[in-house]
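So the structure is just underneath, and the comments pick up after that.
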Amino acid sequence: MVAYTFFKADLTWRRLPESEKEKGRNEFQAVVEKYQEKGLLILPYSTLGMRGDTDFLLWRIGTSLEDHRDMTAELNQTGLGKYLHTPHSYLAMTKHSTYVDKHEHPNQEGRRLRIVPGRYKYFFVYPFWKTHEWYQLPKAKRQKMMDIHIQIGHKYPGIKINTTYCFGLDDPEFVVAFESDSPSDFLDLVMELREVTSRVYTLRDTPIFTCLKQDLKEILASL
C-alpha cells in the first residue's frame with residue numbers, strides 16, 4: 001500500500017507559545033518514528049513555498065492498510081496534529097505495468113511491484129485519469145503509443161518514475177510520482193510528453209505537487 005498524504009498547518013498554530021509548539025512537534029515526530037520502526041517506509045517532503053494549499057507531504061509505503069489508518073489516527077491526536085488539515089490524500093498500490101514489461105532492464109525483474117525510493121532531492125506527484133475512450137482502444141494501439149512515452153522517458157535517465165495504481169481504492173486511476181535532482185529536466189520531460197498522441201486520452205492530471213526532500217524535524221520547525 002502506498003499513501004501520499006499532504007498536510008497544511010492552521011494559521012493558529014503559528015500563534016501558539018513556542019513551548020507548546022515544540023511539544024506538539026516532538027509528539028508528531030515520535031509517531032512517525034514509531035511506525036518507521038514497525039517497518040513502514042515514510043519519506044517526508046516540504047511543499048512550503050511551492051504550493052499554497054499544502055505545507056508538507058508524507059510518502060508512506062507499506063503492506064497494511066491498518067498501519068496507514070492507525071498511524072493517521074495517532075498523528076491526529078498529537079499536539080501538532082490537532083492543527084493540521086489534509087487537503088489532498090491519495091491511496092494506491094503497486095502492480096506490474098501492462099506496457100513496460102518488455103522494456104525491463106537486466107537485474108530489474110519485479111521492480112514494478114515495489115517502490116524503491118532513490119536518493120533524489122525533488123519529488124513531483126500528481127493524480128492521473130485516462131478517458132473512457134482510451135480503455136476501448138485495441139491493446140496493440142495503446143502499446144504503440146506507450147512505447148513512445150517510454151522512449152522519451154529514456155532520454156532523461158536522471159528522472160525516476162514511480163507509478164502506482166488507484167483503481168477502486170481512491171478517486172484517481174493512478175498516482176504518478178517522479179524523483180529527480182533537476183526540476184528543469186522534469187519540466188523538459190513534461191513539455192515533450194505534451195506533444196505525444198496519447199495526450200488526447202488524458203482526462204485529468206492535476207493537481208501537480210513539487211516537493212523538496214527534507215528532514216522531518218526541519219519541516220515541522222518551518223511550519
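What's the longest bit of the chain with no exposed trypsin sites (Lys or Arg not before Pro), using DSSP loop states and at most 13 other Cβ atoms within 10 Å as the test? Answer - 39-94.
Which FRET efficiency value, to the nearest 0.05, do you get for residue 202 and residue 96 by plugging their Cβ-Cβ distance into 1/(1 + (r/R0)^6) with R0 = 22 Å? Show your work: numbers first, answer last.
Values: r = 22 Å, r/R0 = 1.00.
That gives a FRET efficiency of 0.50.
Around the Cα centre of the chain, unit charges on the Cβ atoms of Lys, Arg, Asp and Glu (plus for the first two, minus for the last two) sum to a dipole of about 400 debye.
In sequence order, region 71-81 has phi-based couplings of 5, 4, 4, 6, 4, 4, 8, 6, x, 6, x Hz under the Karplus curve 6.51 cos²θ - 1.76 cosθ + 1.60, θ = phi - 60°, and Gly or Pro positions carry x.
Excluding same-chain neighbours fewer than eight residues apart, the lysines reachable from residue 23 by a Cα-Cα span under 22 Å are 8, 34, 82, 217. Taking the accessible area of the chain, probe 1.4 Å, and keeping the other protein chains in place, the carbon and sulfur fraction comes to 54%. Counting only the Cα atoms, the chain fills a convex hull of 126 Å³ per residue. Among the GluC sites (Glu not before Pro) in region 1-85, none is located in a DSSP loop while being surrounded by at most 12 other Cβ atoms within 10 Å of its own Cβ.
Accessible area per residue for the chain in Å², computed with a 1.4 Å probe and the full protein assembly in place, what is it?
Values: 11880 Å² over 223 residues.
Averaged over the residues of the chain, the accessible area is 53 Å².
The values are calculated or read from the model by the stated rules, or taken from the named source; none is laboratory data. Everything quoted here is computed from the prediction, not taken from an experiment. Every residue, glycine as well, gets a Cβ built from its backbone with ideal geometry; the counts of neighbours run over all protein chains shown. Please note that ligands, DNA and RNA were not included when accessible areas were found on the heavy atoms of the full protein model with its side chains. Shrake-Rupley method; radii C 1.70, N 1.55, O 1.52, S 1.80 Å.
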